[in-house]
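Chemist: Right, I'll just put the structure down here and ask away after.
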Amino acid sequence: MKRFLTLLLATCCLFLGLTSLTATANSLKVGVLANNPPYTIQNHSGFDLALSQQLAAKVKVIPQKSNSQLITALKKGRVDLIICDVSLLSKQMSHSQSFLHPANVLFTRHDSKTKSILKLNQKKVGYLKNNPHHALLTTLATKPQGFATESALLTALNTGKIKAAILTDYQYNQLLAANPQLVTAQDETDQKQVGQVLTKISDPKLTSQSLVVASFKKPQLQKKVNHKLKLLQDNGTLSKLSMKYFHQDWTYQ
């Protein structure tokens, strides 16, 4: 009975929060990164769009082509909020506590001799330009190299232009699902096939992403958003959205 009353109270608070947040603006404009599965899927669905719809009754999601455009749209007032990794933000921006922590995967080829973060010191490591990995790779004392596509990233790894690469856990698993030859060599006696198999580089320093909702010079709006996210976390909505789009609950670090 006590648990039921607690959930009922959280639901009522969430409803009141939705009303007050919508009243702040006729249509809450939320900036997201375009075509970035599972956050945005063909700009019609995805985690970011589903979360935005939970933030207010009237929401207009505005996709941006790159992270830099996302930040610019926020600072120029073209959007009220953005959903992004905390590493992309500047000091002038306000943001919520991190509410989602998707894992990152650092990997290399099976035949590589560089299979530890220590050996990657000052070595070139590839990442996707629309992923928030540049800051992390810099922290790990590597030399980040940005690529526009996964295909270009893999080509660079296979030709030795980079020693390792990093993707989100979701992207890495999707890559392996689409390319089974990167999981297991079809012919174990073929050294070329064995060599191209991908292997993870694990290390405690390889931290996860930290997603936040951020605003620019809108303290009252940010305060209401922070409250809303807390309610969504408490009533299990964030966990459900994470399971739906990531197939894992990344609300816990």
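Chemist: Amide H of Asn104: which non-local residues (sequence gap of 5 or more, or other chain) have their own amide H closer than 5 Å, using H built in the peptide plane?
Modeler: Asp169, Gln209
Chemist: I need the Kirkwood Rh of the range 102-198: take the reciprocal of the average 1/r across all distinct C-alpha pairs and report it in angstrom.
Modeler: 13.5 Å
Chemist: Mind pulling the per residue volume of the convex hull built on the Cα atoms of the range 119-253? Å³ is fine. Provide the component values of the computation, followed by the final result.
Modeler: Values: hull volume 19.0 nm³, N = 135.
Taking only Cα atoms, the range 119-253 has a hull volume of 141 Å³ per residue.
Chemist: Which ³J(HN,Hα) values, rounded to whole Hz and listed in residue order, are derived for the range 100-110 from phi using the Karplus coefficients 6.51, -1.76 and 1.60 in 6.51 cos²θ - 1.76 cosθ + 1.60 with θ = phi - 60°, glycine and proline given as x?
Modeler: Residue by residue, the range 100-110 yields 9, 10, x, 6, 10, 10, 9, 8, 8, 7, 4 Hz.
Chemist: So how do Met93, Met243 rank on accessible area, 1.4 Å probe, biggest first, that is with the largest at the start? Walk me through the numbers before you get to the answer.
Modeler: Working: Met93 15, Met243 95 Å².
If we order Met93, Met243 from most to least accessible, we get Met243, Met93.
Chemist: Okay, next question. In angstroms, what radius of gyration and Dmax does the chain have, counting Cα atoms only?
Modeler: That works out to 20.3, 66 Å for Rg and Dmax.
Chemist: For a quick check: with amide H placed at 1.01 Å from N, whose amide H comes under 5 Å from Lys29's, ignoring anything fewer than 5 positions away on the same chain?
Modeler: Correct list: Lys60, Asp80, Leu81.
Chemist: Then there's this: Using a 1.4 angstrom probe on heavy atoms only, work out the carbon and sulfur share of the accessible area of the chain in %.
Modeler: Values: 7340 of 13600 Å².
Carbon and sulfur atoms account for 54 percent of the accessible area of the chain.
Chemist: Right, here's the next one. Sum -39500 (n - 2.57) across every DSSP H segment of at least 4 residues in the chain, then divide by the residue count to get the 222 nm mean residue ellipticity, nearest 500.
Modeler: Values: 9 runs with 98 residues, N = 253.
Calculated mean residue ellipticity at 222 nm is -11500 deg cm²/dmol.
Chemist: Please give the per residue accessible area of the chain, computed with a probe of 1.4 Å over protein heavy atoms only, in Å².
Modeler: Values: 13600 Å² over 253 residues.
For the chain, the solvent-accessible area averages 54 Å² per residue.
Chemist: Amide H neighbours of Gln145 under 5 Å, at least 5 residues apart or on other chains, H built in the peptide plane: list them.
Modeler: Val125, Gly126, Tyr127
Chemist: Need the list of lysines near Lys217 for cross-linking: C-alpha distance under 19 angstrom, and skip anything on the same chain fewer than eight residues off.
Modeler: Lys29, Lys75, Lys76, Lys91, Lys228
Chemist: Further, regarding this structure: Sort Tyr127, Tyr252 from largest to smallest accessible area, using a 1.4 Å probe on the heavy atoms of the protein chains.
Modeler: Numbers: Tyr127 25, Tyr252 155 Å².
Per-residue accessible area, sorted high to low, gives Tyr252, Tyr127.
Chemist: Once you have the Cα-Cα distance between Asn158 and Gln97, take 0.36 nm times their residue separation minus that, and quote the gain in nm to one decimal. It would help to have the intermediate numbers written out before the result.
Modeler: Numbers: separation 61, 0.36 × 61 = 21.96 nm, distance 3.86 nm.
Between Asn158 and Gln97, full extension yields 18.1 nm more.
Chemist: If you don't mind, another one. Starting from the Cα coordinates of the range 84-148, work out the convex hull volume and express it per residue in Å³.
Modeler: Working: hull volume 7.1 nm³, N = 65.
Expressed per residue, the convex hull around the Cα atoms of the range 84-148 is 110 Å³.
Chemist: So which lysines pass the test for Lys230, namely a Cα distance under 16 Å, with those fewer than 8 places away in the same chain ruled out?
Modeler: The qualifying lysines are Lys240.
The values are calculated or read from the model by the stated rules, or taken from the named source; none is laboratory data. The structure displayed is predicted, hence computed values, not measured ones. Just so you know, the surface numbers come from the protein's heavy atoms only, side chains and all, with ligands and any DNA or RNA stripped out. Shrake-Rupley method; radii C 1.70, N 1.55, O 1.52, S 1.80 Å.
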